[in-house]
Amino acid sequence: MAAPQPPAAAPSGLLETCGLEQILEALKLLLSPGGSGLSSLQNTKHDVLLETLKSNLSVLEARFLKDAQWKKLKVLRDEIAGKAKWLQSSEDITWSFTSQTLLLLLCLKETMTRLVADFNPGTPNPKTPEAAPALSPDTLSISQQKTVQSVLQFVVTLGVCPYLLPGVGVHLKHRTEFGAVVQDVVRLEAAPHATRRLYTCCRVLLDLAQHASLGSLIFCRHFGDIAAGLCQLGFCPTKRKPPAPVEEILTEEERVLSRGALRDILDQVYQPLAVRELLILQGGPPQSCTDVKTQLRCQAPAWLRRLCGQLLSERLMRPNGVQAVVRGILEGAGAGAAGGSDAEATAADWKKCDLIAKILASCPQQSLSPESYYKDICPQILDLFHFQDKLTARQFQRVATTTFITMSREHPELAPKYLLQPMLAPLHRCLTTPEIPESNMVPGTILVTEEELSRCIEDIFKVYVVANEPLPVLLDTLLPLLGVIFSLYCFTSQSVSHIRSLCQEILLWILVKLERKKAIASLKGFSGLDKAVPSLHPQCQFRAAMHGGVMITVQETVSDDEDEALYQKVSSEQSQIEHLGDLLSHCQQCGLAGDFFIFCLKELSHLVVENEAEFKPTPSCYTSLLELEQHQALLIEEQERKLLVLQLLAVLCERMSEQIFTHISQVVDFVAATLQRACASLAHQAESTVESQTLSLSMGLVAVMLGGAVQLKSSDFAVLKQLLPLLEKVSNTYPDPVIQDLAVDLRITISTHGAFSTEAVSMAAQSTLNKKDPEWKIEQQQTSHDTLTEVAPEHPKQEQDPPKTEQESHEPGIAASQPHRNITSEQFQEVLSSACDPQIPTRAAALRTLSRWVEQREAIALKDEKKLLQIFLENLEHEDTFVYLSAIQGVALLSDVYPEEILVDLLAKYDSGKEKHTAETRMKVGEVLMRIVRALVVLLQYDDGVSVIVVLLQYDDVVLLQYDDGVSVIVVLLQYDDGVSVIVVLLKVELQIFPQSDLPWDMVSKYREPLLHTFLRGVKDPDAAHRASSLANLGELCQLLDFLLGPVVHEVTACLIAVAKTDNDVQVRRAAIHVVVLLLRGLSQKATEVLSDVLKDLYHLLKHVVRLEPDDVAKLHAQLALEELDEIMRNFLFPPQKLEKKIVVLP
C-alpha cells in the first residue's frame, strides 16, 4: 500500500521481556510439519495439509495458554489483533492460518522497531579502534532469516496466489506440486471474500516491508506476486464481475491506494527487477528455461498487458531507464552482478539484442512525440557503450550497437541529430568548416580531452565496424570527419597509441563501404589534392596524452622562421602520403587501391597536357600588382599539385604489390591512361625515354592478356574496345615503326575477340613476361656446389639467354642495359660532365650510368679509374640521398676492379680527423668499406652443415670456393658479348699443396687487420656519431670474418667492454652491445670455437649491462645477446641427436 497505517504500538513495559526468539519460535511452530508426510496418494494430500494447518494452530494456542514465558507475546498479539480491522473468523482453515501468521509477523516488526528505538550503543573505546561496532538488536541471523523467508513463502502461497485471476501472474498449478494442492484446498466461497483476502495480505506485507530488513526479504522473493496482486486490486475492470455483498467489495479509496502502492514499490525496488517482473506479468517470453515462474501459463488479460506496457514505458522514461530495461531483460541469462557461465551465450544471442533494440527504438504512447522520446533516450543509449564492468560491457555494447542500427534504419531523420552528432561531437569541434569561438583559441587550450577523443573513436568503431551495417545515414554522417580521423591515424602511426588500430579499421571499413566516387574523393582529400574536403582545423594540433591516448589542443604560436615552417609543412605532407600508401596497401583486394592509382595516372596525364605557356603571360597583361601576385600564387599551386601527384605515384609504386589491379577494367584504364599520356606527349613534342618505355610496357601488358595469360570473356573484350581509338592514334602518330605495327596488331586482335592474332603480339607478350624477372641469370648462378660440378663446360650459349624478339631489340632504353655496348669517348665525356651537373636528377642519373659501365667492365670507363674515383668521392659529400647513394655504389663497384689501390685510399679517408672531412662524409666512406667487405666475403650455409667462403674477386675472372674441410674449388667466369656464362672447372686441391697464403685473391686475410684497426681507431674518435658508426662497421666485419677473427678477438673484446662500460654517449653504448649481438648471431654454433677465450668476458659484460645500464634499448640488446648465448650453449652442451646408419666395409 502507499501508506498503510501500522497498528498502534504496545506499551514498552510489555515488550521488555518479549524478544525476537519467542516470536521466531512461534513462527517455527506454525511451520512444523504434521505427522503424515506428502508421500500419500493424491486424494489424501489435501486432508494431510488441512490437518497439519489445524494441528499447528491448536498447538500454538495451547502454547500461549500454558507457557508463562509466552504470556507477553500473547498480550502483544491480542493487542495488535484488536486494532486489526481486517481480522475476522473464517471457516477456511487456510485463511485462518494465514491470518495468525500475519499477526505474528506484525509482532516481529513491532518488536524489531522498539528494540532499535531503545538501543543506545556505548561510546567506542579509542584504545581498541579495531573492535567491531555493536550490532543492532533487530539484526536477524542467517537461520532466523531462513525462518522468516519460509513464513513469507507460506503467506504468499496461501494468501496471495490463490486469489489472483487467471492470467494474472503465474498460477500455483504451474509452480510446484505443493502449489497445486494449495489451490485445491482453498475455499473461495467462505468468508471473507477472495478480493478482500488479497487486499488484506498485500496491505500487511507492504506494512511489513516498511522495515528495511523485512522489506528486503519480501521484495527479493515475492515482488512479482505482490505487484500482480496490486495490479488486480487497482486496475482490474469491475463491470463484468458478478454482484457481491456490499461489505466485501473494495471501495474506490482502496483501489486508489492499491494503485499508488503499486507505483511506490515500482519506484523503490531495483529497477531491472521491476522491469523483469512486469515483462513476466505482461506475458513476455521466458527469461530462462530454468525459471519455473516463466513456464507455460495462461494468456495475460488485455487490461493487464496494456497496464504492464504503460508501466514499462514509464520505467524506460525514467533516469537510467534504458539501463534498467536492458538489465531486466539480460540478467535472467547470467548477465547480472553474479554473472555466470551463460553470459557468453547471452552476448552472442543477437535475437535478444534485436528485441531490446526494437523496444528502445519504438516510441511509447506516453511520449509527446518521437523527437522528444529520442531526446530523452539517446543519451542513455550512448552511455551503454561506456561500462567498465567487463562482464556486462560486452552485452551492453551489443545492445547499444543494435539499437543504433535500428534507430538509424527506422528514423533516419532523428538518429543523426540525437545519436550520431553527440557521439561525433569531439571531432566536429576541430573541423575546418565551423568557426571555433575566439575564447577557445588561446594557444595550448585543450579542445578535446584524451578521454573524450578515445571514447569517440571507440564508439565509432563499435557502431560502424563492429555492427557492419553500411546504412546511408551512417556513411553520410561520418564522411565529413574522415579527414580528421586520417590526420589522427597519421599522428598515432608515429608513436605508440591504442587508438591507432581503431582509426585504421574505421578508415578501411568506410572506404570499402562508400561508393567508389566518394571513396576516391576522400582519398584525394587525404593526399591534399582536394583542399575542399573537410580536415583538421589549421590552428588545431594533436598532442600525446598521459595514458597513451591523444588530445586536441590549440596550436602554439608558429615560429617566425620560414625555413622551419616550410620544413614542417613538407615533412607533414610527406608523412601523410606515406601513411596513405600504408592504408591503401590493405585495400588492394577490393580494388580501391587500383582505382586510386589509375586516378593518379589520369591526373598526371592532365598535368602533362597543360601548356605552361598559358600560365606565364607577360607582366604587361596585369593591371595591378595584386593580380600579378594572384597569378604567381596560382603558378605555385599548380607546381605543388604536380609534385604531389608524382610523389603519390612514387609511394603507390613502392608500397603496392603486383596484385594491385583486380579487374580487367582496371588494367584497361591503366593502359588507357598510359596511351593518353603518350599521345599528349607526342602532341606537345615532349617524347622521352621514360614515356617510350612506359608505352611499350603497357602495350605489352595488353598483349599478355590477349596472348592467353588471362581467360577473357565477351564482356572483357567489350571493355578492351575502349582502347581502340587510342591504339589507332598511336599507330598513326608514334614515330617508332615497331610500336606502330604492334598497335595495329593489337587493334586487330581486340576487334576480332582474339580470333586473329599476329606473331608480333605473341612476341611482345613473351618480352613483357621475360622483363618481369630481370635477374634470372643471377638466380641460375646461385646453385649448390653439387649442381655446379655437373654443368658441362660446353654449355650452349643459346640456353643461357632468353630468346630476343624484334620488339625487344627495338624498344627504347633496352639497348642501354646490354653489356659491352660500344661507348664513344664523346659519350663518356658527356656523362662525366653530367656527373658534376647542378641538377640533382641529371647528376644522379650520370653516376648510375658510370656505375653500370664499371660493373660491365667497359674499357673506356676503366682507363681513367682515378678520375672516376675522384668524381665518386666528390659526390659522396653531396647532401641529396639519391646522389650520394649512387656515388657509394660507384665506389664499391670500382673497388671490385682496383681493390688494392682504392681500399687503401678509403681507409685513410675514413681514418682522417674532423679537420679534413665531415662526420657525415666519413660515415659514407664507412658504408663504402662495408659494401666492399660484403663483396669480398660471402658466407653460404648448406643443409648438410658445410660452410663455403666465396671470395668474389675479379682477378682474371676467377672465384675461389673454400670449404671447411680444406678442399677448394676454382670456378672460372667467362664473359661473353651477350651476357655472362659460367664454366665450372672441376678442380679440387688440398690447401697444403696450394697454400691459401699464396693465392693473389686472398684479400680478406690481407686487409683484415687494416680494416679492424681503422674501425677500432674510429671507436676512439671524439665525435659520438662516428664512434657509433665505427662500432656498427666493426660488428658487421667481425660477423663476416668468421674464423679469420681469431687472432684479434681479444683486442675487439677489450674495446667493446671498455666502450659499453665507460662511454658517455648512449648511442655508442647501444652500438657496442649490438656488436656483441651480431657476433653471437653471425657465428652461431661456431662461437664456442672462435670466441672460446673471450666468451666468459662477453657474458660478464652482458650481465653488467642488464643490471646497471640505465638505457632500456641497451638493456634490450644485451638481453637479446644473452638469449643468443643461451641458445648456443644449450646446443653445445646438448647437441641434437641424429639417427644415422653407418656401413663399415671390412678389409
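Label zone of Phe64 (point 7 Å out along Cα→Cβ, amide N under 12 Å): in region 76-91 this covers 76-82.
Each of the peptides 468-479, 859-870 was scored by the mean count of other Cβ atoms within 10 Å over its residues; in descending order, highest first, they stand as 468-479, 859-870. Shape summary of region 62-195, radius of gyration then Dmax from alpha carbon positions: 20.0, 67 Å.
Rolling a 1.4 Å probe across all protein chains gives Thr147 an accessible area of roughly 20 Å². Note on Glu654 and Arg1017: with the Förster distance fixed at 30 Å, the Cβ-Cβ geometry gives a FRET efficiency of about 0.20. Once the other residues with Cβ under 13 Å from the Cβ of Ser408 are scored (Lys, Arg +1; Asp, Glu -1), what is the net sum? So the surrounding residues net to -2. Using the alpha carbons alone, the radius of gyration of region 1062-1147 stands to its Kirkwood radius in an Rg to Rh ratio of 1.22. Distance between the 7 Å Cα→Cβ label points at Gln1119 and Arg255: 7.7 nm. For region 424-536, with all protein chains in place and a probe radius of 1.4 Å, 54% of the accessible heavy-atom surface sits on carbon or sulfur. Applying 0.36 nm per residue to the separation of Lys642 and Leu31 and subtracting their alpha-carbon distance, the gain on full extension is 210.5 nm.
Each residue, Asn120 and Thr881, gets one label point 7 Å from its Cα in the Cβ direction; the gap between the two is 8.8 nm.
Sequence-distant contacts, meaning Cα pairs under 8 Å at least 6 residues apart, place the relative contact order of region 476-575 at 27 percent. The shape of region 1001-1147 comes out oblate: with a ≥ b ≥ c from the C-alpha gyration tensor, a/c is at least 1.5 while a/b does not beat b/c.
Divide the volume of the convex hull around the Cα atoms of region 688-763 by the residue count and you get 84 Å³ per residue. Annotation for Thr694 and Ser55: the two label points, set 7 Å from Cα along the Cα-Cβ direction, are 10.5 nm apart.
At an R0 of 51 angstrom, the distance between the Cβ atoms of Phe756 and Ala859 translates into a FRET efficiency of 0.60.
Length gained on full extension, Gln870 to Gln827: 13.6 nm, using 0.36 nm per residue less the C-alpha separation. Here r is the Cβ-Cβ distance between Asp1111 and Met317 and R0 is 45 Å; the resulting FRET efficiency, rounded to 0.05, is 0.15.
Were the residues from Ala81 through Val1066 laid out at 0.36 nm apart, the gain over their Cα-Cα distance would be 345.5 nm. Does region 457-543 come out rounded, prolate or oblate, given a ≥ b ≥ c as the square roots of the eigenvalues of its C-alpha gyration tensor, rounded meaning a/c under 1.5 and, failing that, prolate meaning a/b above b/c? Here region 457-543 falls in the oblate category.
The values are calculated or read from the model by the stated rules, or taken from the named source; none is laboratory data. Being a predicted model, the structure only gives us computed values, none of them experimental. We place every Cβ from the backbone using ideal geometry, glycine too, and count neighbours over all the protein chains shown. For the accessible areas, the whole protein counts, side chains as well, though only heavy atoms, and no ligand, DNA or RNA atoms are used. Shrake-Rupley method; radii C 1.70, N 1.55, O 1.52, S 1.80 Å.
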